[in-house]
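The values are calculated or read from the model by the stated rules, or taken from the named source; none is laboratory data. Predicted model, so just to flag it, every value in this text is computed and none were measured. Heads up, the Cβs are rebuilt from the backbone with ideal geometry, glycines too, and the neighbour counts pull from every protein chain shown.
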Amino acid sequence: MTELGDSLERMNFMQLLLLFVFVTSYVLAIGALVGGRARMRFALLALAAAAGFAAMTDPWVHGALLVAFVVAALGGFVMLTWLLARWLAPRQAGMSATAVAESVPTPLPAVAPPHPEGTAAAPKLPRRARAAR
């Protein structure tokens, strides 16, 4: 364990920058802050930054261990916040999961019902005149 501490003390600016890029892009990749395509790009960036960090660390095993510790620490943080949210969330007394599901209002229909006389409910709008060039 002292060898890992020595590797941490010998880190240069580039290694710290790669570690920062890894942590930031990893959090953005696993979170729901950005869309699917951007999450994939952040995941690839996190993988590249982790590989670069491990390759620059002497020996590379210490860099890989540090990346694994960061991933485990972030997972532990997410688990702890989820447990605290479940534990501290206000509960509704006497309501089961099925009662909660039944209390959710049903959505309105997307299509309006037909007009009683058989005509369209909304009158047609006039077309715009094309601009003359």
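For beta carbons closer than 9 Å, sequence separation of 6+ or different chains, a first residue in the range 10-25 that is modelled with pLDDT of 95 or more and a second that is surrounded by fewer than 13 Cβ atoms within 10 Å (Cβ to Cβ), the qualifying pairs are Ser25/Leu44. The residues listed here are Ala72, Ala64; of these, the one that is more than 23 Å from the chain's Cα centre (by Cα) and modelled with pLDDT of 90 or more is Ala64.
Would you call Leu33 over 15 Å from Val71 (Cβ atoms) and not small (Gly, Ala, Ser)? It is true that Leu33 is over 15 Å from Val71 (Cβ atoms) and not small (Gly, Ala, Ser).
I'd like the full set of residues that are of a type in the set (D, E, K, R) and in contact with a helix residue (DSSP H, G or I) (Cβ under 8 Å, 6 or more places away or on another chain), limited to the range 1-32. Walk me through it before giving the result.
Residues of the range 1-32 that are of a type in the set (D, E, K, R), as a first pass: 3, 6, 9-10.
Residue satisfying the conditions is Glu3 alone.
Listed by first and then second residue, the pairs with beta-carbon distance under 8 Å, at least 6 apart or on different chains, first residue in the range 50-76 and under 15 Å from Leu16 (Cα atoms), second assigned to a loop (DSSP other than H, G, I, E, B) and among the hydrophobic types (A, V, I, L, M, F, W, C), are Thr57/Met11.
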